[in-house]
Amino acid sequence: MKTFLSVLTVVAGIIGIWYLACVPMNIKGVLDAAERAGAVVEPATPKARRDLGAMGLVVNNSFAIADVWSVDRPRLPAPHQVAIELWETTVEKKITSKRSLIYHGQVTLSATLLGFAIGTGLGILLAVGIVHSKVMDMSVMPWAIVSQTIPIIALAPMIIVVLYSIGVQGLLPKAIIAAYLSFFPVVVGMVKGLRSPDHMQVDLLKTYSANTAQGFWKLRLPSSMPYLFASLKIGIAASLVGAIVGELPTGAVAGFGARLLAGSYYGQTVQIWSALFAAAILAALLVALLGLVERFLLRRMGVTT
Amino acid sequence: MGLVIFAAVIWVGGWWVNHKLANGPRAETAFVRLLVPAIFGVTLLAVWELLVRGLEVPLVILPAPSQIAVRFASSLPVLWADFTQTILKGALGGYVMGCLAAVCTAVLVDRSDFLRRGLLPVGNFVAALPIVGTAPILVMWYGFDWQSKAAVVVVMIFFPMLVNTVAGLRETNDMQRDLMQTYAASYWQSFVKLRLPVALPFIFNGLKISTTLALIGAIVAEFFGSPTVGMGFRISTSVGQLALDMVWAEIVVAALAGSAFYGLVSMFERIFTFWHPSQRSRA
């Protein structure tokens with residue numbers, strides 16, 4: 001309960017800072033519009049206003065402050081503008097409409113989930129191989145660790161274009177980018193998890209004369225679950241980033257990445273912010289969903305958390 | 001066709017050598033531990049080269065490693081300019097600013113239990129979000145040059161860094177804090193002598209996570225607009241010209257820069273947290 005109150009305070013603080021930041025960010029646009037509408041603005045010319053700086057403008061023209069939160073195309077939209085845009089583009093628009101964020105979200109989500117499934121599946125397979133084969137452990141594992149320090153997302157535009165040139169387009173290229181972003185965290189986490197049983201437990205299974213497969217299914221796999229879920233949560237967030245970035249170079253047809261790009265081309269800041277928040281909400285939902293599955297699974301397994 | 005068969009032979013040969021080495025008597029020596037991944041990497045490159053040549057894969061789909069190396073060597077000035085713009089100015093500038101801001105915020109937040117309790121869940125939540133999406137907004141605010149890239153990096157690494165530092169600063173236990181109290185240590189004395197050293201492993205964990213994030217942020221932000229220099233710019237324009245050897249050369253630069261950056265931070269970690277169990281066991 002106390003935690004809840006603290007979280008609420010912090011969130012309220014962030015929103016408060018956001019509202020305050022709107023004043024210096026938007027004041028120049030408001031004053032330019034006011035001058036065009038015939039109001040007396042201090043200083044009078046746009047050039048003098050640019051030189052004065054945002055804070056000076058606020059002090060000189062306090063009458064305009066009320067308008068900074070309701071500009072049409074602001075540099076920094078106020079939280080309620082973003083919230084209204086989110087509401088209008090998710091709830092009030094039809095899902096099939098090209099302007100509905102649900103439609104764009106579903107495009108990004110399908111690429112994310114497909115890529116996440118591919119990446120996680122391959123990652124778990126590779127981890128199993130690494131744990132059971134000394135050669136793979138010694139030759140592949142160092143590369144898997146090094147690959148975590150590399151911004152592999154730089155490959156994204158190339159994958160899109162190469163796959164396009166051999167005739168693959170649509171969902172799959174984005175899913176591949178999402179897959180390889182989630183692949184390496186899963187490999188590293190899963191190897192750690194499959195190795196987590198200590199000597200006592202491994203020895204116990206040996207005294208039961210359990211073979212490798214039994215050791216895997218009855219000891220290694222169950223004890224790897226907490227590690228697996230920790231890396232799955234990282235992996236799905238990475239997949240979503242991959243899917244969004246994968247939408248950028250294709251010229252932006254649909255998806256959150258397309259909304260971001262189109263918004264930045266046409267200066268539609270409210271649209272960018274709402275796409276950003278929609279992506280954030282989606283990421284939070286996916287991670288929370290994994291958290292629920294984890295809790296359920298661990299409880300069924302009898303792990304007390 | 002001969003080259004393809006040769007590639008298969010090399011693959012099997014490399015694997016066989018590694019198999020012998022890994023299961024041999026000297027498998028645990030440091031030399032073999034380095035040799036095995038090196039052989040694997042070289043085998044992979046050789047197979048790539050031979051397959052591309054043997055199957056006559058066009059350049060626009062996958063250039064051979066030798067082509068990439070030639071392009072890398074012949075365009076060093078361009079690559080260096082891109083490296084300076086993206087890594088040294090954008091990523092490193094943002095990294096320093098973001099880490100300083102996050103550590104200072106963490107120190108302030110740590111004084112209030114109420115704030116810390118609220119900030120940790122929020123920070124963890126934000127750290128999982130696709131922050132890189134703020135890139136178009138920040139490019140709009142700070143222009144096309146490296147300042148906007150540094151801003152993206154700051155936003156990306158702030159919360160992971162903050163969460164790690166805050167978690168580290170609360171790592172001390174009651175006994176240690178009581179001991180400081182009995183010494184009549186002031187807040188800053190106990191901060192410098194007790195809580196900061198205890199937090200260092202956590203801070204370095206955050207710093208290491210942030211290295212990769214910084215590079216990702218700086219490169220992706222350039223996809224949204226940049227001057228005519230920079231790694232992200234070069235990648236996106238070279239992809240447009242189907243000059244994939246240039247793209248791969250940039251990826252090599254990114255990989256080298258990423259590993260070097262990470263290695264540097266790890267080195268500092270070893271120097272500053274030599275007392276920590278995770279560092280001692282390695283020696």
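The values are calculated or read from the model by the stated rules, or taken from the named source; none is laboratory data. A quick note: this is a predicted structure, and the numbers were derived from the prediction, not measured. Counting neighbours? That spans all protein chains shown, and the Cβs are built from the backbone with ideal geometry, glycine included. These accessible areas exclude ligands, DNA and RNA; they are computed on the full protein's heavy atoms, side chains included. Shrake-Rupley method; radii C 1.70, N 1.55, O 1.52, S 1.80 Å.
Some notes on this structure:
- Note that the range A:2-76 carries a Kirkwood radius of 13.5 Å, evaluated over its alpha carbons pair by pair.
- Within 10 Å of each Cβ in B:136-142, the average number of Cβ atoms from other chains: 5
- Modelled label reach - A:K192, point 7 Å along Cα→Cβ, the range A:205-225 residues with backbone N closer than 15 Å: A:224-225
- Heavy-atom accessible area per residue - chain B, 1.4 Å, Å²: 49
- With 20 Å² as the minimum drop in accessible area between chain alone and full protein complex (1.4 Å probe), the qualifying residues in the range B:207-249 are B:T212, B:I216, B:I219, B:V220, B:F223, B:F224, B:I235, B:V239, B:L242, B:L244, B:W248.
- Charge dipole of chain A about the Cα centre (unit charges at C-beta), most positive-ward option of A:Q169, A:C22, A:V146: A:V146
- Inter-chain Cβ neighbour average for residues B:112-118, partner chain, 10 Å: 5
- Rounded to the nearest 10 degrees, the angle from helix B:146-169 to the longest Cα principal axis of chain B is 50 degrees.
- A simple charge model with +1 on the Cβ of Lys and Arg, -1 on the Cβ of Asp and Glu and nothing else charged puts the dipole of chain A at about 620 debye relative to its Cα centre.
- Carbon and sulfur %, accessible surface of the range B:78-181 computed with the full protein complex present, 1.4 Å: 68
- Spacing of the two label points (7 Å from each Cα toward its C-beta) at A:I281 and A:K206, in nm: 5.5
- Cβ charges +1 (Lys, Arg) and -1 (Asp, Glu), total dipole of the range B:133-283, debye: 460
- Cα gyration tensor shape for the range B:20-170, rounded if a/c is under 1.5, else prolate or oblate: oblate
- Scoring B:38-49, A:52-63, A:108-119 by mean Cβ neighbours within 10 Å over their residues and listing the highest first yields A:108-119, B:38-49, A:52-63.
- Top positive-direction residue, dipole computed over the range A:161-277 with Cβ charges, set A:S231, A:A258, A:I244: A:S231
- Cα gyration tensor category, rounded, prolate or oblate, for the range B:72-280 with a/c compared to 1.5: prolate
- Judged by the gyration tensor of its Cα atoms, with axes a ≥ b ≥ c, the range B:25-81 is oblate; a/c meets the 1.5 cut and b/c is at least as large as a/b.
- Label-point separation, A:I145 to A:M225 (7 Å along Cα→Cβ), nm: 2.8
- Order by protection proxy (mean Cβ within 10 Å, highest first), peptides A:217-227, A:266-276: A:266-276, A:217-227
- Placing one equal scatterer on every Cα of the range A:101-300 and applying the Debye formula, the log10 ratio I(q)/I(0) at q = 0.12, 0.18 Å⁻¹ is -0.67, -1.18.
- Summed buried accessible area for A+B [probe radius 1.4 Å, Å², rounded to 100]: 4500
- Residue-normalised accessible area of chain A, expressed per residue, 1.4 Å probe, Å²: 50
- For chain A, the membrane-span-like helices by this rule, meaning whole DSSP H stretches whose C-alpha atoms cover at least 27 Å of axis and whose Kyte-Doolittle mean is 1.0 or above, are A:2-36, A:101-132, A:171-194, A:221-246, A:269-300; this says nothing about an actual membrane.
- Shown is the FRET efficiency for A:R73 and A:V11, computed with R0 = 25 Å from the Cβ-Cβ distance and rounded to the nearest 0.05: 0.40.
- Counting Cβ atoms of other protein chains within 10 Å of each Cβ in A:12-21 and taking the mean gives 1.
- Convex hull of the protein assembly as shown built on C-alpha atoms - directionally averaged projected area, nm²: 33.2
- What a 1.4 Å probe finds exposed on the range A:87-139 is 69% carbon and sulfur by accessible area, rounded to a whole percent.
- Here the dipole of chain B is about 640 debye; that uses its Cα centre as origin and unit charges on the Cβ of Lys and Arg (positive) and Asp and Glu (negative).
- Separation in nanometres of the label points that stand 7 Å from Cα toward Cβ, at B:V32 and B:E56: 4.5
- Positive-pole candidate from B:T84, B:A8, A:Q81, dipole of the protein assembly as shown, charges at beta carbon: B:A8
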